[in-house]
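A quick write-up on the structure given underneath.
The values are calculated or read from the model by the stated rules, or taken from the named source; none is laboratory data. It should be emphasised that the depicted structure is a prediction, and the values quoted were computed from it without experimental measurement. Cβ placement follows ideal geometry from the backbone for every residue including glycine, while neighbour counts extend to all protein chains displayed. What goes into the accessible areas is simple: the full protein's heavy atoms, side chains included, and nothing from ligands, DNA or RNA. Shrake-Rupley method; radii C 1.70, N 1.55, O 1.52, S 1.80 Å.
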Amino acid sequence: MDQEMNRLSLLSLQVEKDSIGSALYAKEIYEQLKEYLSDPTIIPAKKKTITIIGGGIIGLMAAYFLQKSGFGVTILERKSFGAAASGRNGGGVLALGRELREMPFARIAIDIWDALELEGIDTKFVRSGNVMFARNEIEKQQLLAAHDLYYASGLKVKILSSNELKTILPEIDSQITMGLFSEVDAQSYPFTTIKSIISYLRKNGAQVIDHCEVIEFKTKQHEIESVVTHQRDYQSDAYLFCAGPWTTELCKKLNEEIPVFPRRSQILVTEIMKKRNIHPFVAGNSIYLRQSHAGNILFGGGGPWETNGYDVSNTNFAIEFLTKRFIEIFPGYRNMQLIRAFAGTVELTRDHLPYFGKINSWENAFISAGYNGHGYGMSAVMGKIMAKSLSNYFAGRVNPIETSILSTFSVSRFGQKAGNQYV
């Protein structure tokens with residue numbers, strides 16, 4: 001064991017800087033957000049249309065909730081739906097590990113995912129819980145501090161002793177003697193989720209179009225009139241940008257500077273295990289892992305050592321690095337076969353928070369992008385908030401949570417020109 005090294009790379013919480021006061025504020029925001037989302041959505045008297053650019057999980061979830069709110073939806077995807085990180089991730093629907101500013105959204109997202117399954121969307125969702133473990137004294141102190149902050153923020157967490165950790169993960173290395181556990185966290189399966197949402201959208205009249213690249217925009221004064229593609233022009237009342245790591249490139253077509261930085265993230269897959277030995281989502285030692293409903297173990301991770309850009313080829317370095325970290329956690333799995341490796345492109349922002357709301361210079365342009373590897377789990381709550389936000393916009397009403405909650409994610413937070421009041 002590396003006694004002096006902190007490998008809790010999936011713990012975004014800044015335990016040295018965050019305070020109990022900040023955690024209590026996150027709990028307050030959670031209550032406000034929950035109340036806001038429980039109010040009936042205002043359905044426009046005249047049906048409005050939305051064109052969504054980007055067919056990852058963020059765009060698909062937005063399309064789902066917009067359609068349920070009475071909007072006509074067209075969603076355009078340059079390649080295949082869910083082809084990037086949306087279909088190439090661990091499937092975690094998690095609050096544990098998130099920073100306090102994200103905590104209200106992450107907590108509510110878990111409940112919305114649960115409801116999706118009841119509404120007929122096949123997500124393979126299960127509240128499996130989530131364990132983050134400590135390998136040394138430095139990591140133990142980090143998790144103890146995180147426990148206090150998360151508990152104050154309203155997340156149900158508890159410290160696991162060595163025996164409790166062994167009960168949940170019986171084959172974990174015996175030198176790992178402490179964990180932090182969230183019972184409400186969950187996991188789902190990206191491929192079935194994406195396929196099921198697409199099926200729902202098409203069944204209910206949405207235009208769901210793949211291999212459709214945006215070339216340019218036709219504009220008039222401060223509004224977008226249409227999206228120009230190789231196939232045809234698409235015209236609607238509003239436009240929603242959900243292009244993930246391609247957001248910067250897309251927004252430049254409108255002379256908007258919205259910086260998002262792409263980075264590769266790789267995942268490895270083992271052979272199927274007949275017995276389900278790993279029930280919760282697991283994080284630590286600079287990787288995450290879970291056992292899927294089919295029985296494979298998926299493990300992966302990323303970080304500054306990864307390539308920046310759009311390259312999604314797998315590397316020998318990552319296979320060796322991730323496998324070494326996995327075997328250090330579960331040494332009994334040393335002889336398991338790897339059967340597959342794949343990679344996706346995550347989207348990073350300067351402050352590791354997403355962009356959400358109004359795009360600066362265009363009255364009918366909106367954005368939901370830059371989720372820093374957290375987009376899969378967060379997609380449900382952000383899709384539902386976007387549907388309510390656009391309903392307010394078309395009703396001519398100020399969004400009641402704009403100043404208090406959503407302004408944190410504004411594209412103008414780095415000093416750009418502010419957008420309008422509605423979203």
| task | Could you tell me the distance between the Cα centroids of the range 380-396 and the range 169-205, to the nearest Å? | result | 26
| note | With R₀ set to 35 angstrom, the calculated FRET efficiency between the beta-carbons of Ile215 and Val15, to the nearest 0.05, is 0.15
| message | Taking 25 Å as the cut-off for C-alpha to C-alpha distance, list the pairs among Lys203/Lys275; Lys48/Lys358; Lys195/Lys252; Lys124/Lys275 that go past it. | response | Lys203/Lys275; Lys195/Lys252
| Whole-Hz couplings from phi, Karplus 6.51/-1.76/1.60, listed for the range 209-215; x for Gly and Pro | 10, 9, 6, 10, 8, 6, 8
| remark: Of 373-386, 279-292, 250-263, 131-144, ordering from highest average Cβ density within 10 Å down gives 373-386, 279-292, 131-144, 250-263
| remark: For the range 304-392, the accessible surface attributable to carbon and sulfur atoms (probe 1.4 angstrom, ligands and nucleic acids excluded) amounts in percent to 52
| query | Normalised by the residues of the range 299-419, what does the relative contact order come to in percent, with Cα pairs under 8 Å and at least six apart? | reply | 23
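In what sequence, highest mean first, do 93-101, 20-28 appear when ranked by Cβ atoms within 10 angstrom?
Averaged packing, sorted descending, gives the order 93-101, 20-28.
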| field | Average Cα contact separation per residue, the range 1-116, under 8 Å, 6 or more apart, as relative contact order % | value | 32
| remark: Connecting every pair of Cα atoms under 10 Å apart in the chain and solving the GNM, the largest mean-square fluctuation among Gly54, Gly244, Gly303 falls on Gly303
| field | Relative contact order (%) - the chain, alpha-carbon pairs under 8 angstrom, separation at least six | value | 22
| Net lengthening on full extension, Ile138/His230 (0.36 nm per residue, minus Cα-Cα) | 27.6 nm
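On the accessible surface of the range 128-198, probed at 1.4 Å, how many percent belong to carbon and sulfur atoms?
Answer for the range 128-198 is 54 percent, counting heavy atoms of protein chains only.
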| Under 17 Å from a point 7 Å along the Cα-to-Cβ line of Asp111: which residues of the range 346-380 have their amide N that close? | 378-380
| In deg cm²/dmol, rounded to 500, what helix-only [θ] at 222 nm does the chain give when every DSSP H run of at least 4 residues adds -39500 (n - 2.57) and the total is split over its residues? | -9500 deg cm²/dmol
| task | Pull up the DSSP beta bridges for the chain and report the antiparallel fraction as a percent, rounded to 5. | result | 70
| Whole-number accessible area per residue in Å² for the chain, which is evaluated in the context of all protein chains at 1.4 Å | 41
| request: Could you calculate the contour length gain from Asp311 to Ser174, that is, 0.36 nm times the residue separation minus the distance between their Cα atoms, to one decimal place in nm? | output: 45.6 nm
| said: Going 7 Å from the Cα of Ser407 along its beta-carbon direction, which residues of the range 85-110 have the amide nitrogen within less than 18 Å of the resulting point? | reply: 101-102
